[in-house]
Amino acid sequence: GSVVGADGQPPASLELFVLTDQGRIDASYSGGSYRLDGVPNGRQRLQVQGPSVAAATFEIDLPAGVEQQRDIVLQRGVRRPFTLEAPAAAGRTLSLALRVPGRDQQWLGEGQRQGDGAVSFTAWLAPGEYEAIAYGQNGFVARVPVVFGEGYDRPVVLRLLQR
């Protein structure tokens, strides 16, 4: 399929992926065109996120043996930086999910850290109220409400605690 931003132009860089029970399947993306290979048949969720565009999730239904094209128009996003802090016991990989409360994630990031250092992310979403959920290993988690919008550009710091 093809992807354009609110200005009608293809975003310079994007992450497009499907999460399945077996893991994440990344799409190839170049110059406004994307392609997903190896996605299981049936109903799936296509996640799209990147700089300057509001992250979006699309339901896709993939029948067996049929190639589909899905063109996407993304809205302008609002930038918000995040920092995840956790003790070494939380592991090297820390994840951040952003969602409208009570709904599936709209933005997802995963980062590796050195020692017990912090992991930083920058998310772009449509203006609104969201829930940020940070995860580590061994039951370490943090949750905090967060607003994306004009005047809400200060970094959000989440300190993961063991639950």
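Dipole size of the chain about its Cα centre, with +1 on Lys/Arg Cβ and -1 on Asp/Glu Cβ: approximately 420 debye, rounded to the nearest 20. The loop-placed GluC sites (Glu not before Pro) in the range 59-163, going by DSSP, that have at most 16 neighbouring Cβ atoms within 10 Å of their Cβ come out as Glu67, Glu150. Note on Thr20 and Ser33: the extension gain reaches 2.5 nm, defined as 0.36 nm multiplied by sequence separation minus the Cα-Cα distance.
What does the C-alpha gyration tensor say about the overall shape of the range 1-59? Classify as rounded when a/c is under 1.5, otherwise prolate if a/b is larger than b/c, or oblate. Walk me through the numbers before you get to the answer.
Numbers: a/c = 2.22, a/b = 1.88, b/c = 1.18.
Because a/c hits 1.5 or more and a/b exceeds b/c, the range 1-59 counts as prolate.
Extension gain for Asp61-Glu131 works out to 22.5 nm (0.36 nm per residue, less the C-alpha to C-alpha distance). Computed over the alpha-carbon atoms, the chain gives an Rg to Rh ratio of 0.99, Rh here being the Kirkwood radius from the mean inverse distance. Distance between the 7 Å Cα→Cβ label points at Asp153 and Val141: 3.3 nm.
Heavy atoms only, probe 1.4 Å: what % of the accessible area of the chain goes to carbon and sulfur, would you let me know? Can you show the working numbers first?
Values: 4170 of 9080 Å².
Its accessible area is 46 percent carbon and sulfur atoms.
GNM on the chain, alpha-carbon springs under 10 angstrom: the most fluctuating residue among Val78, Val146, Val66 is Val66. Taken per residue, the accessible surface of the chain reaches 56 Å², heavy atoms only and a 1.4 Å probe.
Below 15 angstrom from the Cβ of Phe82, what's the summed charge of the other residues (Lys, Arg +1; Asp, Glu -1)?
Numbers: positive: Arg79, Arg80, Arg99, Arg113, Arg143, Arg154, Arg159; negative: Glu85, Glu110, Glu131, Asp153.
With Lys, Arg at +1 and Asp, Glu at -1, the net is +3.
Other residues whose C-beta falls under 13 angstrom from the C-beta of Ala55 contribute a net charge of +4, scoring Lys and Arg +1 and Asp and Glu -1. Since only Gly50, Ala64, Gln114 are under comparison, the one whose Cα sits farthest along the positive direction of the charge dipole of the range 1-140, derived from C-beta charges on Lys, Arg, Asp and Glu, is Gln114. Within the shell defined by Cβ-Cβ distances under 15 Å, the residues around Tyr29 carry a net charge of -1, with Lys and Arg each +1 and Asp and Glu each -1.
The values are calculated or read from the model by the stated rules, or taken from the named source; none is laboratory data. No experiment lies behind these values; they were computed from the predicted model shown. With ideal geometry, Cβ positions are generated from the backbone for all residues, glycine too; neighbour counts draw on all protein chains shown. With ligands, DNA and RNA removed, areas are computed over all heavy atoms of the protein, side chains included. Shrake-Rupley method; radii C 1.70, N 1.55, O 1.52, S 1.80 Å.
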